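The values are calculated or read from the model by the stated rules, or taken from the named source; none is laboratory data. What you are looking at is a predicted structure, and each value in this text was computed from that prediction instead of being measured. Here the Cβ positions follow ideal geometry from the backbone for every residue, glycine too, while neighbour counts run over all protein chains shown.
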Amino acid sequence: TMAIETIVWGENVHEQTNGTVRAIYPKGMHAAIADALNQDKGIHATTATLQEPEHGLPQVRLDKCDVLVWWGHQAHGEVSDEIVERVAERVWAGMGLIVLHSGHFAKIFKRLMGTPCNLTWREAGERERLWVTSRNHPIAAGLPDHFELENEEMYGEPFGIPEPLETVFISWFQGGEVFRSGVTYKRGAGNVFYFRPGHETYPTYHDANVRTVLRNSVKWAYNPLAAIPNVTDAPNVPVDKAPEKITERGPKLHAAGEAGYR
Ligand code: ZN
């Protein structure tokens, strides 16, 4: 049987520098997330971190990846633009992408959304109540109509994202704000899901409902079709290769065989 090949990418900074985070996630947040995914026999999850060569995402590895899960916070700026573009091209070609929590400001998410992805926030350990707003959505399978996280960071609207394809969860926070906390997109052939919870000083990725969402979202994002080859190519179609016979006419800017502008 073919398991969904999944890479959990973790920035892996606060686990090394903050005792609270290390106590909750002794093997790193990425390892806890991968553990949750590997509870499903249909998923094979491995991890990659910022500190590895090419951030653990060399092209050969990414080419075999069905779904990439991304958690970053403090070190978004240290992620290489070349690798961001590499990931974006894999998404357009059909790889799934799950962006978690503070990944709303990750370069890859902003690149794919094209909007600021900003929000309001507060770190006060308040209760978050997530409401399922799309009850038959596969990402919400097996969940109650709402669930709570006793301690979370608040993210509030307005959230600077494009209008989602689907909104699967809306969060309410104890302090009164609300937030679109589970939203889907299609970018090229790739399925993209943003899921809000996961502040590193709270045990969010040990929560059973959150772990269910992680597994569901990987299965939802998986695209079994073959990757689109050369997804960013913009080939010229010469006159003699046009589907219908035409005669060239009018003024010309480009020379025959020219690559064109980028
Ligand atoms: Zn946070």
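Does at least one position in the range 44-52 carry a residue that is in contact with a helix residue (DSSP H, G or I) (Cβ under 9 Å, 6 or more places away or on another chain), farther than 21 Å from E152 by Cα and part of a helix (DSSP H, G or I)? No, because not a single residue in the range 44-52 is in contact with a helix residue (DSSP H, G or I) (Cβ under 9 Å, 6 or more places away or on another chain), farther than 21 Å from E152 by Cα and part of a helix (DSSP H, G or I). Is it the case that G175 is modelled with pLDDT of 95 or more and within 16 Å of the ligand (Cβ to nearest atom)? Yes: the conditions hold for G175. With respect to (1) closer than 30 Å to A23 by Cα; (2) part of a loop (DSSP other than H, G, I, E, B); (3) more than 16 Å from the ligand (Cβ to nearest atom), the lone exception for P224 is condition (1).
Restricting attention to the range 87-109, the residues that are without any contact (Cβ under 8 Å) to a residue 40 or more places away in the chain and surrounded by fewer than 19 Cβ atoms within 10 Å (Cβ to Cβ) total 1.
Residues in the range 87-105 that are under 20 Å from A34 (Cβ atoms), within 14 Å of the ligand (Cβ to nearest atom) and out of contact with any Phe, Trp or Tyr (no Cβ under 6 Å at 6 or more places or on another chain): H101, S102.
Looking only at the range 196-221, residues that are crowded, with 23+ Cβ neighbours inside 10 Å, within 16 Å of the ligand (Cβ to nearest atom) and outside any loop (DSSP other than H, G, I, E, B) come to 2 in all. For the range 128-155, enumerate the residues that are within 16 Å of the ligand (Cβ to nearest atom) and within 22 Å of G103 (Cβ to Cβ). Answer for the range 128-155, where residues must be within 16 Å of the ligand (Cβ to nearest atom) and within 22 Å of G103 (Cβ to Cβ): E128, L130, L149, N151, E152, E153, M154, Y155. Please work out if V84 is away from the ligand (no atom under 16 Å from the Cβ), closer than 23 Å to G182 by Cα and either more than 10 Å from the chain's Cα centre (by Cα) or at pLDDT below 95 (or both). Against the criterion (away from the ligand (no atom under 16 Å from the Cβ), closer than 23 Å to G182 by Cα and either more than 10 Å from the chain's Cα centre (by Cα) or at pLDDT below 95 (or both)), V84 qualifies. Only a single item in (1) part of a strand (DSSP E or B); (2) surrounded by 19 or more Cβ atoms within 10 Å (Cβ to Cβ) is not met by K186, and it is number (2). Looking across the range 178-195 at every residue that is of a type in the set (A, V, I, L, M) and touching a strand residue (DSSP E or B) at 6+ places or on another chain (Cβ under 7 Å), the one that is farthest from the ligand (Cβ to nearest atom) is identified as V192. Scanning the range 224-262 for residues that are farther than 29 Å from Q59 by Cα, among the hydrophobic types (A, V, I, L, M, F, W, C) and surrounded by 10 or more Cβ atoms within 10 Å (Cβ to Cβ) gives V239, A242.
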